[in-house]
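What follows is a set of notes on a single structure, which appears directly below.
The values are calculated or read from the model by the stated rules, or taken from the named source; none is laboratory data. Note that this is a predicted model, so its numbers are computed, not measured. As a convention, Cβ positions derive from the backbone with ideal geometry for all residues, glycine included, and neighbour counts pool all protein chains shown. Note: accessible area is taken over every heavy atom of the protein model, side chains too, but ligands, DNA and RNA are not part of it. Shrake-Rupley method; radii C 1.70, N 1.55, O 1.52, S 1.80 Å.
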Amino acid sequence: MLPLDFLAAVLPPPGFGYYCAAELSSKKKQHEFVENLEEIQRHADLWLTQSKDVYFALATFEEAGKRTADNAEYVRSMFIDMDGYATKRDAAEALGGFLEATGLDALATPYIVASGGGLHCYWAFTKPITVGIWKPVAEAFKRLCKQRSLAIDMTVTADAARVLR
């Protein structure tokens, strides 16, 4: 899957606010707010040629220039950042066990991205929803992960302003 196809699957479509791409590995910590995914690709390509890590926000934002939860408008996925496993294979096996034990394997297979020392997993929705609708579901999903001892970064799953690689 190409990066733009992935972003189109897990982010709201154009017209639902500003997208945010970020480079957080330099002192400058740049954030670029754009109205279409092709512009994210342009910024990502530039940062990658400079050997910088590239991140994208998981929500769209009402105002450009402000990557905060109160400015986040729409999301189109649930997501987790799985860390704390010895290997990515161990993380994948834990995810499979979690999905089977919770019955979530019957819903849909998440998009899985190997990132840093772990996995990022995304469950895409068929359409964007407001952060106000998404937030309580994301909080419940985070609690379910904790109850089932799935090692995730607990600050990521219900943070609408979060960026991931």
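See the values below:
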{"item": "Candidates ALA151, ALA91, ALA108, ranked by Gaussian network fluctuation over the chain, Cα under 10 Å, top entry", "result": "ALA108"}
{"item": "Gyration tensor (alpha-carbon) shape descriptor, the range 48-112, a/c threshold 1.5", "result": "oblate"}
{"item": "Most mobile listed residue (PRO13, PRO136, PRO110) in the chain, GNM with C-alpha springs under 10 Å", "result": "PRO136"}
{"item": "Global geometry of the range 1-67, whether rounded, prolate or oblate, following the gyration tensor of its Cα atoms and the 1.5 cut on a/c", "result": "oblate"}
{"item": "Student exercise, the chain dipole from Lys, Arg, Asp, Glu Cβ charges, in Debye to nearest 20", "result": "340 debye"}
{"item": "Candidates GLY103, GLY117, GLY84, ranked by Gaussian network fluctuation over the chain, Cα under 10 Å, top entry", "result": "GLY103"}
{"item": "Ranked by how many other beta carbons lie within 10 Å on average, peptides 41-47, 15-21 from highest", "result": "15-21, 41-47"}
{"item": "Hits among lysines - C-alpha to C-alpha of LYS52 under 21 Å, sequence gap 8 or more where chains match", "result": "LYS27, LYS28, LYS29"}
{"item": "The range 92-165: C-alpha gyration tensor shape, a/c 1.5 cut-off, then a/b vs b/c", "result": "rounded"}
{"item": "Relative contact order %, the chain, counting alpha carbon pairs below 8 Å whose residues are six or more apart", "result": "26 percent"}
{"item": "Equivalent ellipsoid semi-axes, the range 1-133, via Cα gyration tensor eigenvalues times 5, rooted, Å", "result": "26, 20, 13"}
{"item": "Carbon and sulfur %, accessible surface of the chain computed with the full protein complex present, 1.4 Å", "result": "53 percent"}
{"item": "Computed [θ] at 222 nm, helices only, for the chain once each DSSP H run of length n ≥ 4 contributes -39500 (n - 2.57)", "result": "-10000 deg cm²/dmol"}
